[in-house]
Amino acid sequence: MRLLLIEDARRLNATLCQALARMGHAVDSAENGEDGEWMARRTEYDAIVLDRMLPGKDGLSVLRDLRRDGILTPVLVLTALDATEEKVRGLTEGADDYLTKPFALAELAARLEVLARRQHGQADSRRRIGPLEIDTSRKTVFRDGSEIVLTAREFSLLELLARRPGQVLSREQIEARLYSEADGPLSNAVDAAVYALRRKLCPPGTPPLIATRRGLGYVLETP
């Protein structure tokens, strides 16, 4: 997933960015409301993690203005305020979910996964495409009953392709979802990632699952 984290506590910001990146997510971050809102308007994210209390423009003001202008990216609000009234206010302003500090990283990751599935119209974390069985919650993939071990980024790439089976995704589309601004110049990173994933999914003697459309991009083939 391509995520935006807007959190002013630098240590927490860095910790969450590193942890989510290890899970295979591409994470951009901002430490104040103004910068975060600008990034949310400029880039299409799968989800936004938004701190309630921010210096300058607070989290609910950012959320309110994004929703007012038709930006419907799922937003999970982080808050140290546990009052029911506070949560109701955030949900009324357009938040999709709320998480009270302190929280477990696993819970944050699970909630973001649910928001992303909901945004892409996928109710279940499990799906079958041809010989592949993919579970986005457990981060597992099986081909014809045999598990294939993927890196976090390889799984993110597979998940992205699996959201649109049979549809070509350009290198630019893949790059935008898999890599953050911190990754810098990418050169042939997308091609290399697809090559590595294809080798694992399609060992010698098995039908290819990821096809290259020259000049267009890549597609996860459907039977």
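The values are calculated or read from the model by the stated rules, or taken from the named source; none is laboratory data. In this text the structure is predicted, and so the values were computed from the model without any measurement. We place every Cβ from the backbone using ideal geometry, glycine too, and count neighbours over all the protein chains shown.
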- Conditions (1) modelled with pLDDT under 90; (2) in the same structural domain as LYS200 (by TED's automatic domain parsing); number of the one not met by THR140: (1)
- Note on the structure: Filter the range 138-167 for residues that are of a type in the set (Gly, Ala, Ser), in contact (Cβ under 8 Å) with a residue 24 or more places away in the chain and in contact with a strand residue (DSSP E or B) (Cβ under 9 Å, 6 or more places away or on another chain); the one that is farthest from SER180 (Cα to Cα) is GLY166
